[in-house]
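Let me begin by presenting the structure, written as structure tokens, before commenting on it.
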Amino acid sequence: MQVHQLVALALALAALALLLIAGLVLARIAAVRRSERTLRHALDERAQQSAALAAAAAARGADGAPGAAKAAKAAAARNLPPKGFKGLLERFALTGVRWLDTPFGRQVVAEEDRRLLEQCGFVDTRTRGLFLVARILGALVLPVLAGVLTREYLDGERYLLLVVIAIVAGFMLPKIVLKRRAGKRRLGVVDELPLLVDLLRLLQGVGLSLDQSLQVLVGDFRSVLPVLSSELEIAQRQFAAGRTREQSLNRLASSYDNEDLRAVVRLLVQVDRHGGAVQEPLKQFGDRLRDTRRAMLRERIGRLAVKMTGVMILTLLPALMIVTAGPGVLAVSQSLLSARQH
């Protein structure tokens, strides 16, 4: 087989796979629409029952009637599905959540993607569903846009190749965005960890308990600890929901691949379990973190000096040679010209 025949066969197989995926997507969409109609019908019936109960309460007495009617209306408003763009996002999220546990969903949102979502601070199932739908929509919408914009300029194999590249790019674009956000948050953890240790030491030193210290960090220091305060807020919510301190902080220790953060989490779990004074261990740990940070900054400065040497050679050395050797070269060239004329 020739090269163009192999390319045509590969594109045909890719088109068949896309048709199969589109069939599955359409089937899922039909099921989701049926479930949404059922849910909307149930919510409408519940709203009608609430309205009937409010009307009955209004008929029974005039004193408690306004409050009961308002409560019934508020409950009905909470039960109604959102509208507009928010409602569309909720429908997409619901569709993605239903696909997450399928073989197709586990391939689209793999363990690496779930770990990236956790590093970005997205720990609920709704965001995973939105990520799945975003990857599918990117793989479907971007090739359509690329095909519409370039069909007058490309034809044949180049056009098909562009469509295939657009499919891959649209599928990978949400993951690339997640990687960039996760990388920034990992750097943010490294930068915020020494300040977190110092604040914990100060709050423990004034007599606050561990839970009170974490609440203060979450509520009052969000501007200086944007990443770690959000992570501690998630841990506090899980702790309030019934998990132990170790279980609620385990995700924080395992998500960012930071050994210093793991050490802080182990210390917090030990304090919560056994109690004791932690000011001195936190002080020593903070000093070690600052020493490590100084060493890292020295290393960066050393690398920057090496890079600047190359830049100086490329930019300043030619100018220096012109300034220093330029007059001598001009004098020699003029002497040679005058000797040649004579």
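The values are calculated or read from the model by the stated rules, or taken from the named source; none is laboratory data. What you see is a predicted model; the values in this text were computed from it and never measured. Please note: Cβ atoms are built from the backbone with ideal geometry, for glycine as well, and neighbour counts cover all protein chains shown.
Side notes on the structure shown:
- Filtering the stretch 105-118 to residues that are crowded, with 16+ Cβ neighbours inside 10 Å and among the hydrophobic types (A, V, I, L, M, F, W, C) leaves 108, 109, 116, 117.
- Any hit, the stretch 141-162, residues being closer than 26 Å to residue 99 by Cα and touching a residue at least 40 places away in the same chain (Cβ under 8 Å): no
- In the stretch 74-110, the qualifying residues are those that are charged (D, E, K, R), modelled with pLDDT of 75 or more and within 20 Å of the chain's Cα centre (by Cα), and the one that is nearest to residue 178 (Cα to Cα) is 106.
- When the stretch 191-229 is filtered for residues that are hydroxyl-bearing (Ser, Thr, Tyr) and loosely packed, with under 14 Cβ neighbours inside 10 Å, the ones remaining, listed by number, are 209, 223.
- Restricting 243, 273, 237 to those that are of a type in the set (Lys, Arg), part of a helix (DSSP H, G or I) and surrounded by 13 or more Cβ atoms within 10 Å (Cβ to Cβ) reduces the list to 237.
- Each residue in the stretch 145-159 was checked for being farther than 30 Å from residue 112 by Cβ and either hydrophobic (A, V, I, L, M, F, W, C) or not assigned by the TED database to the domain that holds residue 18 (or both), and 3 of them qualify.
Residue-by-condition table, conditions (1) under 12 Å from the mean Cα position of the chain (by Cα); (2) of a type in the set (A, V, I, L, M, F, W, C):
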site: 129; (1), (2): no, no
site: 140; (1), (2): no, yes
site: 150; (1), (2): no, no
site: 170; (1), (2): no, no
site: 175; (1), (2): yes, no
site: 188; (1), (2): no, no
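- Those residues of the stretch 206-229 which are under 22 Å from residue 293 (Cβ atoms) and part of a helix (DSSP H, G or I), in sequence order: 217, 226, 227, 228, 229
- Residue satisfying condition, being surrounded by 10 or more Cβ atoms within 10 Å (Cβ to Cβ), assigned to a helix (DSSP H, G or I) and in the same structural domain as residue 200 (by the TED database), within set 326, 286: 286
- Test set (1) surrounded by 16 or more Cβ atoms within 10 Å (Cβ to Cβ); (2) out of contact with any Asp or Glu (no Cβ under 8 Å at 6 or more places or on another chain); (3) not hydrophobic (A, V, I, L, M, F, W, C) - residue 175 fails condition number: (2)
Okay, residues lined up against (1) aliphatic (A, V, I, L, M); (2) surrounded by 14 or more Cβ atoms within 10 Å (Cβ to Cβ); (3) assigned to a helix (DSSP H, G or I):
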residue: 133; (1), (2), (3): yes, yes, yes
residue: 136; (1), (2), (3): yes, yes, yes
residue: 142; (1), (2), (3): yes, yes, yes
residue: 148; (1), (2), (3): yes, no, yes
residue: 154; (1), (2), (3): yes, yes, no
residue: 161; (1), (2), (3): yes, no, yes
residue: 164; (1), (2), (3): yes, yes, yes
residue: 170; (1), (2), (3): no, yes, yes
residue: 182; (1), (2), (3): yes, yes, yes
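- Pairs linking a residue in the stretch 94-116 that is outside the structural domain of residue 127 (by the TED database) and more than 28 Å from residue 253 (Cβ to Cβ) to a residue that is at pLDDT 85 or above and surrounded by fewer than 18 Cβ atoms within 10 Å (Cβ to Cβ), with Cβ atoms under 7 Å and 6 or more positions apart or on different chains, do not occur.
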